[in-house]
Amino acid sequence: MYKKILVPIDLSHAEKASAMIDIAKSLAGDNLRLILVNVVDDIPNYVSIDMPSGIVESQVKAATEELNVFAEKSGIEVVVEVRNGQPASEILSVAKDHDVDLIIIASHRPGLQDYFLGSTAARVVRHAQCPVLVER
Ligand code: ADP
């Protein structure tokens, strides 16, 4: 049923990444088309003005390399997307662009389990146009 699956990975809390990729594999089996996405947060203008130019580009490059490691470890063909902006909006936009069947997202960063959903996960659950599986 689910073939094209999007897994957003927060690289500063990536503990759940492998578990989410395994869920995608178990749901789609040999038909899986996996998309991994990371969003490099926007830097507010009042901060970026004091920062060296090219900082976002180098963050995007580093994030792409980190996602490629997850992609290689998965042993399957993976599409890797790194975007810059507001995480939930960009995750939803990637889901739309790739017309995915399912998003698998972690409920929150580790240590914040008292909250029902993290802020990004909550926005994605609320606004996605496809099913969302929340990994707890
Ligand atoms: P919290 O508010 O506790 O940090 P979040 O909702 O931000 O929780 O994070 C939950 C999940 O949302 C992450 O494990 C990841 O799947 C996704 N996510 C959050 N931020 C990003 C990001 N910048 N890029 C990609 N995925 C993200």
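The values are calculated or read from the model by the stated rules, or taken from the named source; none is laboratory data. The structure presented is a predicted model; accordingly, all values stated were derived computationally and were not measured. For neighbour counting, all protein chains shown are included, and Cβ atoms are generated from backbone atoms with ideal geometry for every residue, glycine included.
Go through (1) loosely packed, with under 12 Cβ neighbours inside 10 Å; (2) within 18 Å of Ile5 (Cβ to Cβ) for Asp22 and report which single condition fails.
(1)
Among the residues of region 54-102, which ones are among the basic types (Lys, Arg), closer than 18 Å to Ser18 by Cβ and out of contact with any Ser or Thr (no Cβ under 8 Å at 6 or more places or on another chain)?
Passing the criteria: none in range.
Please give the number of the condition Val56 fails out of (1) modelled with pLDDT under 95; (2) surrounded by fewer than 14 Cβ atoms within 10 Å (Cβ to Cβ); (3) more than 9 Å from the ligand (Cβ to nearest atom).
The number of the failed condition is (2).
Quickly run through region 91-102 and pick out the residues that are surrounded by 22 or more Cβ atoms within 10 Å (Cβ to Cβ) and either among the hydroxyl-bearing types (Ser, Thr, Tyr) or near the ligand (Cβ under 9 Å from one of its atoms) (or both).
Within region 91-102, Ile91 is the sole residue that qualifies.
Being buried (at least 18 other Cβ atoms within 10 Å of the Cβ) and of a type in the set (Phe, Trp, Tyr), is that true of even one residue in region 65-81?
Looking through region 65-81, at least one residue is buried (at least 18 other Cβ atoms within 10 Å of the Cβ) and of a type in the set (Phe, Trp, Tyr).
Identify, please: which residue in region 25-40 is more than 12 Å from the ligand (Cβ to nearest atom) and not small (Gly, Ala, Ser) and is, among those, surrounded by the most Cβ atoms within 10 Å (Cβ to Cβ)?
Result: Leu34.
Within region 77-109, can you find the residues that are modelled with pLDDT of 95 or more and part of a loop (DSSP other than H, G, I, E, B)?
Matches in region 77-109: Gln86, His98, Asp99, Val100, Asp101.
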